[in-house]
Amino acid sequence: MSSRTVQPGLSFEYVMWIFTRISGLSLILLAAIGISSAFVLGARTQVDLPTLVRWTFFPNPNHVINSEIPDVTLGWANAFWQVMQILIVFFGVTHGFNGLRVVVEDYIGQSIARPFIRGLIFLLWMFSIIVAVYVVLFS
Amino acid sequence: MGLKRRVGFFSGLKYRGGGPMWAWVFHRVTGIAMVLFVGTHVFASFFMQQTGSDLATNINIIYESWIFQIIVIFIVIFHGLNGMRIAILDIWPKFQVFQREALWLQWLIFIPVYGLTVFILIQRAISGS
């Protein structure tokens, strides 16, 4: 019977394993808050399904600029929704790119390309976070 | 790390893991699909807004069409519910005994939620709004 050594304490993989669970549950919670707030703020009568989905996953006024919400800046463009957007983007992007990393590393194994792919995914992750925070705060 | 596999794709499919195995496979496939679709949508939206590119606009038109949304919403709801099942079973490991029942419960929640969404999507597509 073969055995493998398990590092005690916090390793990167262990932290990301926990983060995946927490961020996944948080994303469901954030989406639930977004979708129910959209209903409270008029989605029941004024908003179509695509707009509802846009609000659920990225409640940014620029994201729904072409939809039928009257006065988008009135009920939505405030600090609360900016925090919501940053949380959704942070959890979503980190969860997604970490998942991509896990799946890719599962299939490439111990190869020379591994650190490069890891670095590429890290750069994509950082780029996405920076662009998203810029879009949320300054546009 | 990196398991040595001497198993081909099709002989791998003969592994009779049943429902939980297929949930794992779909969880991976839908996860990768979401990174791909949402990533494409984000980049397309960026170029649509900044440069008004026709290609980016067409990508977003496809992305927002009801046919594509039926696929995307399947992917999102399945991945979300399946992830919730995994997280709950990981937080309370004693419920692992009931993992097959949890999978049935997951589909029992999935069918009405997804069915309602598809119903609304098709209703909107037919009425043309």
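Couple of notes before you dig in:
- Qualifying residue in the stretch A:95-107 (condition: more than 22 Å from the chain's Cα centre (by Cα), at pLDDT 80 or above and exposed (fewer than 14 other Cβ atoms within 10 Å of the Cβ)): yes
- Subset of the stretch A:108-135 [modelled with pLDDT under 90 and either small (Gly, Ala, Ser) or in contact with a Cys (Cβ under 6 Å, 6 or more places away or on another chain) (or both)]: A:Gly109, A:Ser111, A:Ala113, A:Ser128, A:Ala132
- Screening A:Phe138 with (1) within 22 Å of A:Glu13 (Cβ to Cβ); (2) at pLDDT below 85 gives one miss only, at (1).
The values are calculated or read from the model by the stated rules, or taken from the named source; none is laboratory data. Because the structure is predicted, anything quoted here is derived from the model rather than measured. Cβ atoms come from the backbone with ideal geometry, glycine included; neighbour counts cover every protein chain shown.
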